[in-house]
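Quick notes on the structure that follows.
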Amino acid sequence: MAIPEIVAIVNPLSGAGASTGVAEARVALLRARFASGGIEGTVHLTERRFHAGELAKIAVSRGARGVIAWGGDGTINEVGAVLAGTRVVLGIIPAGSGNGFANELELPTAPELALEVALNGKPRPIDAGELEGQLFFNIAGIGFDAVVAEKFNDRTLGRRGLGPYVQIGLRETFRYRAPHYRINLDGEEFQTNALLIAFANGREYGNGIRLAPHARLDDGKLEAMVVEDRTPVARLWAGRHLALGTADKAARVIGRSIESARSETDGEMLYHLDGEIGRASGSISIRIRPKLLTVRVRG
């Protein structure tokens, strides 16, 4: 009997140093492993934004038992959002600039090793966050981190990575003007000028930049982190907590383990879902969706 099909969806451009020949090498590795294992597998390259999600929908409709996403957090988000709520298991080969979600899952960084986990690892059910009907699996944020993510995504390939990310963050530290928000965290209401409002299912943005040290992927909660505004110099000083993994101990940071939240402001809100940008006007609602996605991890 043939092994049920595995579909691999490859972002040929993901990663800080993506270059000519990367796509061919990724496809070749997958096809060689499928052949050596007697696996009925197919490989698809993404060609545009949202293409990974489109390919994942086709895979699910055709009865694939597993889908492998090879790319960064954005690619993984697109594929995971389609697989969420189904019995199809997600495998991950991390190849982004930061790989925050893959780091949280403690996946190997070497493609060959990550592929073995994606094919034969232990299935692990994890939670998802939902922001205005859109799913995220690592971190969603409103405000400063969304601005940084937007400007980072605008950079051309080969000009990404930790260095450019930090440079953008430093520049925006002196430019960004914090809006006034009305916030509801599981019924607790307050108002503040916030630098950022984040909802963390995983602990880090990527590259060890840890926002929510108490976040867990399968505890049925999101860690809400409301960073109140401060002067640019105070913003810089507080930023050390991200590198140290102690953001919960920083001054004027409100942290709560929550199941639902709502944020309101006058005007437009820029937000991100696992680094992918969106906009909303007036209000944003967030909730946890427990055990919605199954991912293969090390046994």
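The values are calculated or read from the model by the stated rules, or taken from the named source; none is laboratory data. None of these values were measured; they are calculated from a predicted model. For neighbour counting, all protein chains shown are included, and Cβ atoms are generated from backbone atoms with ideal geometry for every residue, glycine included. Protein only, heavy atoms only, side chains kept; ligands, DNA and RNA dropped before computing areas. Shrake-Rupley method; radii C 1.70, N 1.55, O 1.52, S 1.80 Å.
What the table below lists for this structure:
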read-out: Proximal lysines to Lys122, defined as alpha-carbon separation beneath 16 angstrom and excluding residues fewer than eight positions away on the same chain; value: Lys291
read-out: Over the range 161-274, relative contact order from alpha-carbon pairs under 8 Å, at least 6 apart, %; value: 28
read-out: Mean separation of Cα contacts under 8 Å (6+ apart) over length of the chain, as relative contact order %; value: 22
read-out: ³J(HN,Hα), Karplus 6.51/-1.76/1.60, whole Hz, each residue of the range 292-299, x for Gly, Pro; value: 8, 10, 10, 10, 7, 10, 4, x
read-out: Inter-label distance, nm, simple model (7 Å from Cα along the C-beta direction), Arg175/Ala28; value: 4.1
read-out: Cα-based reach from Lys151 at 29 Å (exclusive), listing lysines while leaving out same-chain residues under 8 positions away; value: Lys249
read-out: FRET efficiency, 1/(1 + (r/R0)^6) with R0 25 Å, evaluated for Glu268 and Leu162 via beta carbons; value: 0.30
read-out: Longest to shortest principal axis, alpha-carbon extents of the chain, angstrom; value: 62, 39, 32
read-out: Tilt relative to the chain, helix 73-83 - C-alpha long axis, 0 to 90 degrees, to 10; value: 70
read-out: Förster-model FRET efficiency, 25 Å R0, Arg298 and Arg65, C-beta, rounded to 0.05; value: 0.80
read-out: Accessible surface of the range 41-145 [probe 1.4 Å, protein heavy atoms]: carbon and sulfur percent; value: 50
read-out: Solvent accessible area, Å² - Tyr181, 1.4 Å probe, full protein context; value: 10
read-out: Contour excess over end-to-end distance, with Cα ends at Glu132 and Asp218 and 0.36 nm allotted per residue; value: 28.9 nm
read-out: Heavy-atom accessible area order for Leu244, Leu292, Leu211, largest first, 1.4 Å probe; value: Leu244, Leu292, Leu211
read-out: Gain on full stretching of the segment that runs from Arg252 to Ser283 - 0.36 nm per residue minus C-alpha separation; value: 8.9 nm
read-out: Length added when fully stretched, Glu189-Lys291, from 0.36 nm per residue minus Cα-Cα; value: 34.0 nm
read-out: Accessible area expressed per residue, the chain, with surrounding protein chains retained (probe 1.4 Å, Å²); value: 44
